[in-house]
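Novice: Mind having a look at this structure? Questions to follow.
The values are calculated or read from the model by the stated rules, or taken from the named source; none is laboratory data. What you see is a predicted model, and the numbers here were worked out from it, not measured in a lab. Don't worry about glycine lacking a Cβ; one is built from the backbone with ideal geometry, like all the others, and counts go over all protein chains shown. Ligands, DNA and RNA are excluded from the accessible area calculation, which covers all protein heavy atoms including side chains. Shrake-Rupley method; radii C 1.70, N 1.55, O 1.52, S 1.80 Å.
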Amino acid sequence: MDIAKTLKTALAFERKVAETYAIAAAGASDPKGKKFLETLAAEERRHIEYLESRAAEFGRLGAVTVPALETAVPDGGRVRRGAARLRKTMRKHASTPGREEVALLTRVVRAEEEVTAFYRAAVAEAGGDARKLFSRFLEIEEGHTAPAQAEPDSVTGMGFWLDVREFDLESA
């Protein structure tokens, strides 16, 4: 694995995801949805700073260390426990999004899926500290995907929340 090239590619993905969140936040009509998107845009910007520091370190030392990288997104267990409460809140405060807003939210999900796939491949190829580095990013990005998907699913009323079907027309 070419770590320098992989870090450069990771930075490109993180920049794309950060920009996608920022654009979606700017177009969001729901204040809670806007706050969520702004929070993840800020987190993605922190990922960029972190990766830039790792790339600079690799350039100086020919090796990469893995300082702690925190995330604003809670672990999966907390997300699942909060899903029911959030679902009720979203239903109470749901706005009717325009087609453009739904398209922005869909782009957010696609960007998260792309970056997650990239990190999954990087983990498979990497060894040592590079594997630890990319594993942490994979864990964080997988954690972003479920709530990112919940936002368009919630506002479009597609019947899913965090990939769990809320209702089934065939059984009604």
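Novice: Give me a count of the residues in segment 76-101 that are at pLDDT 60 or above and either acidic (Asp, Glu) or surrounded by 15 or more Cβ atoms within 10 Å (Cβ to Cβ) (or both).
Specialist: Adding up the residues that qualify gives 2.
Novice: Can you tell me which residue among 39, 6, 20 is open to solvent by less than 70 Å² (accessible area, probe 1.4 Å), touching a residue at least 24 places away in the same chain (Cβ under 8 Å) and within 19 Å of residue 125 (Cβ to Cβ)?
Specialist: It is 6.
Novice: All but one of (1) in contact with a helix residue (DSSP H, G or I) (Cβ under 9 Å, 6 or more places away or on another chain); (2) modelled with pLDDT under 70 hold for residue 55; which doesn't?
Specialist: The single condition residue 55 does not satisfy is (2).
Novice: Here is a follow-up. Within segment 106-152, can you find the residues that are under 24 Å from residue 61 (Cβ atoms), touching a residue at least 24 places away in the same chain (Cβ under 8 Å), part of a helix (DSSP H, G or I) and not hydrophobic (A, V, I, L, M, F, W, C)?
Specialist: Within segment 106-152, 119, 125, 129, 132, 136 qualify.
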